[in-house]
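Trainee: Have a look at the structure that comes next, please.
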Amino acid sequence: MKKLFLLSLTTLLLFGCGNEPQEETPERSDESKQKIAEMKLATDHHTYARPNDAVVTHLDWDASVDFETRVISGTAHYDIKREGDASSIIFDIRELTIDSVMTDDGGKVEFEIGPEEDFLGQPLHIPITENTTRVSISYKSAPNAAALLWVEGEKPFLFTQSQAILARTWIPCQDSPGIRFTYNAKVQVPQGLLALMSAENPTALNDEGVYEFKMEQPIPSYLMALAVGDIAYAEIGERTAVYATPDLIEAAHYEFQEMDDMLVAAEALYGDYAWGRYDLLILPAAFPFGGMENPRLTFATPTIIAGDRSLTALVAHELAHSWSGNLVTNATWDDFWLNEGFTVYFEQRIMETVYGRETSEMLATLSYQGLTMEVEEIMDRNPNDTHLKLHLKDRDPDEGMSAIAYDKGYFFLRLLEETVGRERWDVFLKEYFTSNSFKVMDTERFVDYLSTNLLSEEELQTVDLDSWIYGAGLPSNIPSVESDRIQKVDQANLAWINGEMSTADLPWNDWAYQERYRFLTNLPNELSADRLAELDVTYNITATGNNEVLFAWLEQSLKHDYEPAYDRAEEFLVNVGRRKFLTPLYRVMKETGKMEMALAIYEKARPNYHAVAYNTMDELLYEAETNE
Ligand code: BES
Ligand code: ZN
């Protein structure tokens, strides 16, 4: 990697760069385009597929969803492209039962399934000839398929979560972010339920429970998504709407009114929206993430419904992925920061446009605090995990989901913006998205693109790409964030802790959620439960409807043994499956001698969680425990 980087720098020096007048850029750009096009993309270690031999181009998916047996069964018909003299095409599968495989020239064919590996599942080898253009795989998913969560209730609900490599647990696929395909689908679900996908979607029930879908733009498998449930629809703008269960539809419709403004802001920044509609689906609270950028239909947790539109940054984030991630896609999970760092940056810009710089800078302050705290933690464990370019070979790519890709990525891009100025940066970024649309990008290719199309030699020196991308920790030129409002919170925080300001004099009621969150996440380690009681009596924080504030409050309550909040903590942990909230709350119980309480709550809550969440909690509460 280092070598490649040096090489690109040399090329750059040879061709000259940067400070020359703008007119000369196109010439250099052509050369760079040529050179970048010739660069070999990084290998994805998390797929068995060998796309250079044979690759899928289109999927026709015929499936039916059975809630009784918790099985999705059906046939995946793939159009394929064979290169050279390849004699087989390889798919990723994990815990799928393969019933039969047909090809358009061979009829029923003998397939082979290789040995199973952790996280990766198994390779499915299908023999092909020079005449094969289509393969059809009939299969069933396992009842405990890791991507799927079957939620019980009067009306049941099913949703998928494919990123990073879980699509292979519900569809046989070439499960690599670098492989794109279009798809059509026909899905049979129980009558009375609506089905939605990352595609053109219905807005009303079909009497027979049969739904057809079309995704005309090629997407990678991790963006395949399906949800089935009692789902209502409410329009917001011409291109935007929310879907949610009937009990939440009204609240969701109010909460996300600004979705249209966000879409307009995003397009004004970095180019036309490429996917037609942008809708939002509010999932059951068991959804393990805040949001997932499934094309045309973001999946989101209901915990962002606060009643006052204060947690909409998450929608800005998932919307931003319609460019960073869904249009220009990380080639491998080691390049995850290209998806997430760009998206946090873009999210911030949307927030700045729609809500103003004061709000976006408050958010940036929270991002900075989260980042510095997490970097410290990761540095203790494994400093290599603080590199922007990750090292996930032989590991679960899920381990890449830390503040590094997101917030270190964000601050790196903010540094680039501040180095060249917003005007040049925005032109560059728009061109980056346009010229790389529906393509993959890896870190080396990006560095090359950046060095050739944006940064002068001098700027390259100031930025120091090498230490940001391949170095540990946070480089000393990390941009600083200025927020007067957050500074005032910090002053109040200190004064309150020192007893110079009374609880009643805190401006809590005037504070936005970001200010409250900042206050609560900066309480000292030594603090009596009585002081928390004062806050709670005065501001009724245990009853807050803002889940970010509630989370920060519960963490403090558990840390400082403030018992009146324990019931709410239990209720929250049993009902909410969002991993970002769960991990710190269980961890603080574990670290403050409340392991019994943690295990008792977890026993109740675990059946409600998605695999993504319970795998992490199992490790925290079961496996690590035996090591102690
Ligand atoms: N694409 C991610 C979610 C993801 C990443 C799922 C990696 C599986 C593997 C999504 O865009 C995301 O980043 N969600 C964040 C919210 C965001 C506001 C930071 C989340 O869920 O917390
Ligand atoms: Zn994201």
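The values are calculated or read from the model by the stated rules, or taken from the named source; none is laboratory data. Remember, it's a predicted structure, so these values are computed and weren't measured experimentally. Quick reminder, even Gly has a Cβ in these numbers, built from the backbone with ideal geometry, and neighbours come from all protein chains shown. Side chains included, ligands, DNA and RNA excluded: accessible areas come from the protein's heavy atoms. Shrake-Rupley method; radii C 1.70, N 1.55, O 1.52, S 1.80 Å.
Trainee: What are the residue pairs meeting all of these: first residue in segment 523-551, first residue touching a residue at least 40 places away in the same chain (Cβ under 8 Å), second residue among the charged types (D, E, K, R) and outside any helix (DSSP H, G or I), Cβ atoms under 8 Å, and 6 or more apart or on different chains?
Mentor: Listed by first residue and then by second, the contacts come to 546/308.
Trainee: Which of the residues spanning segment 125-165 are more than 20 Å from residue 62 (Cβ to Cβ), among the hydrophobic types (A, V, I, L, M, F, W, C) and not in a strand (DSSP E or B)?
Mentor: If the condition is that a residue be more than 20 Å from residue 62 (Cβ to Cβ), among the hydrophobic types (A, V, I, L, M, F, W, C) and not in a strand (DSSP E or B), then 128, 146, 164, 165 are the ones that fit.
Trainee: Sort out which residues of segment 476-496 are outside any loop (DSSP other than H, G, I, E, B), β-branched (Val, Ile, Thr) and either over 23 Å from residue 415 (Cβ atoms) or out of contact with any Lys or Arg (no Cβ under 6 Å at 6 or more places or on another chain) (or both), and write them in order of number.
Mentor: 489 - this is the single residue of segment 476-496 that is outside any loop (DSSP other than H, G, I, E, B), β-branched (Val, Ile, Thr) and either over 23 Å from residue 415 (Cβ atoms) or out of contact with any Lys or Arg (no Cβ under 6 Å at 6 or more places or on another chain) (or both).
Trainee: Return the pair list, or none, for Cβ contacts closer than 7 Å from residues in segment 288-316 that are more than 16 Å from residue 576 (Cα to Cα) and modelled with pLDDT under 95 to residues that are of a type outside the set (Lys, Arg) and open to solvent by 20 Å² or more (accessible area, probe 1.4 Å), at least 6 apart or on different chains.
Mentor: Close Cβ pairs (under 7 Å, with a partner that is of a type outside the set (Lys, Arg) and open to solvent by 20 Å² or more (accessible area, probe 1.4 Å)) do not exist here.
Trainee: Spot the failing condition for residue 355; the list is (1) in contact with an Asp or Glu (Cβ under 8 Å, 6 or more places away or on another chain); (2) of a type in the set (Phe, Trp, Tyr); (3) surrounded by fewer than 23 Cβ atoms within 10 Å (Cβ to Cβ), and only one is missed.
Mentor: (1)
Trainee: Please go through segment 523-562 and pick out each residue that is out of contact with any Gly (no Cβ under 6 Å at 6 or more places or on another chain) and not in a helix (DSSP H, G or I).
Mentor: Within segment 523-562, 523, 524, 525, 526, 527, 528, 540, 544, 546, 560, 561, 562 meet the criteria.
Trainee: So, one more: Could you please let me know if residue 483 is small (Gly, Ala, Ser), modelled with pLDDT of 95 or more and surrounded by fewer than 20 Cβ atoms within 10 Å (Cβ to Cβ)?
Mentor: In short, no.
Trainee: Which condition number in (1) in contact with a Lys or Arg (Cβ under 9 Å, 6 or more places away or on another chain); (2) open to solvent by 20 Å² or more (accessible area, probe 1.4 Å) is the one that residue 386 fails?
Mentor: (2)
Trainee: Among the residues of segment 125-146, which ones are without any contact (Cβ under 8 Å) to a residue 40 or more places away in the chain and open to solvent by less than 10 Å² (accessible area, probe 1.4 Å)?
Mentor: Within segment 125-146, just 126 meets the criteria.
Trainee: Using the structure shown, decide if residue 377 is touching a residue at least 24 places away in the same chain (Cβ under 8 Å) and away from ligand 2 (no atom under 14 Å from the Cβ).
Mentor: Answer is no for this residue.
Trainee: Follow-up. On the basis of being within 16 Å of ligand 2 (Cβ to nearest atom), surrounded by fewer than 18 Cβ atoms within 10 Å (Cβ to Cβ) and not hydroxyl-bearing (Ser, Thr, Tyr), does residue 370 make the cut?
Mentor: Taking the combined requirement at face value, the residue satisfies it.
Trainee: Can you name the condition, by its number, that residue 362 falls short on among (1) within 17 Å of residue 471 (Cβ to Cβ); (2) more than 16 Å from ligand 2 (Cβ to nearest atom); (3) crowded, with 19+ Cβ neighbours inside 10 Å?
Mentor: (1)
Trainee: Does segment 283-302 contain at least one residue that is more than 12 Å from ligand 2 (Cβ to nearest atom), out of contact with any strand residue (DSSP E or B) (no Cβ under 9 Å at 6 or more places or on another chain) and in a helix (DSSP H, G or I)?
Mentor: No, that holds for no residue.
Trainee: Restricting the search to segment 410-425, which residues are of a type outside the set (Phe, Trp, Tyr) and open to solvent by less than 30 Å² (accessible area, probe 1.4 Å)?
Mentor: 413, 414, 415, 416, 417, 420, 421
Trainee: Does segment 437-474 hold any residues that are open to solvent by less than 20 Å² (accessible area, probe 1.4 Å) and outside any helix (DSSP H, G or I), and which are they?
Mentor: 441, 442, 454, 455, 456, 471, 473
Trainee: A further question follows. Which one is farthest from residue 179 (Cα to Cα), of the residues in segment 311-321 that are in contact with an Asp or Glu (Cβ under 7 Å, 6 or more places away or on another chain) and within 14 Å of ligand 2 (Cβ to nearest atom)?
Mentor: So, considering only residues that are in contact with an Asp or Glu (Cβ under 7 Å, 6 or more places away or on another chain) and within 14 Å of ligand 2 (Cβ to nearest atom), the one farthest from residue 179 (Cα to Cα) is 313.
Trainee: Quick one: which residue in 200, 235 is surrounded by fewer than 24 Cβ atoms within 10 Å (Cβ to Cβ) and farther than 30 Å from residue 57 by Cα?
Mentor: Going through 200, 235 in turn, the sole match is 235.
Trainee: Out of 308, 230, 260, 247, which single residue is open to solvent by 10 Å² or more (accessible area, probe 1.4 Å), touching a Gly at 6+ places or on another chain (Cβ under 6 Å), more than 16 Å from ligand 2 (Cβ to nearest atom) and farther than 28 Å from residue 447 by Cβ?
Mentor: On inspection, the qualifying residue turns out to be 260.
Trainee: Given the conditions (1) assigned to a helix (DSSP H, G or I); (2) aromatic (Phe, Trp, Tyr); (3) open to solvent by less than 10 Å² (accessible area, probe 1.4 Å), and given that residue 183 satisfies all but one, which numbered condition is not satisfied?
Mentor: (1)
Trainee: Continuing with this model, one more query. For segment 266-282, what are the residues that are open to solvent by 10 Å² or more (accessible area, probe 1.4 Å) and either within 16 Å of ligand 2 (Cβ to nearest atom) or part of a helix (DSSP H, G or I) (or both)?
Mentor: Answer for segment 266-282, where residues must be open to solvent by 10 Å² or more (accessible area, probe 1.4 Å) and either within 16 Å of ligand 2 (Cβ to nearest atom) or part of a helix (DSSP H, G or I) (or both): 267, 268, 269.
Trainee: Only residues that are open to solvent by 10 Å² or more (accessible area, probe 1.4 Å) and touching a Lys or Arg at 6+ places or on another chain (Cβ under 6 Å): list them for segment 522-581, please.
Mentor: Those that are open to solvent by 10 Å² or more (accessible area, probe 1.4 Å) and touching a Lys or Arg at 6+ places or on another chain (Cβ under 6 Å): 542, 574.
Trainee: Would you please name the residue that is nearest to residue 580 (Cα to Cα), looking only at residues in segment 397-409 that are open to solvent by less than 10 Å² (accessible area, probe 1.4 Å) and within 11 Å of ligand 2 (Cβ to nearest atom)?
Mentor: Restricting to residues being open to solvent by less than 10 Å² (accessible area, probe 1.4 Å) and within 11 Å of ligand 2 (Cβ to nearest atom), the top hit is 405.
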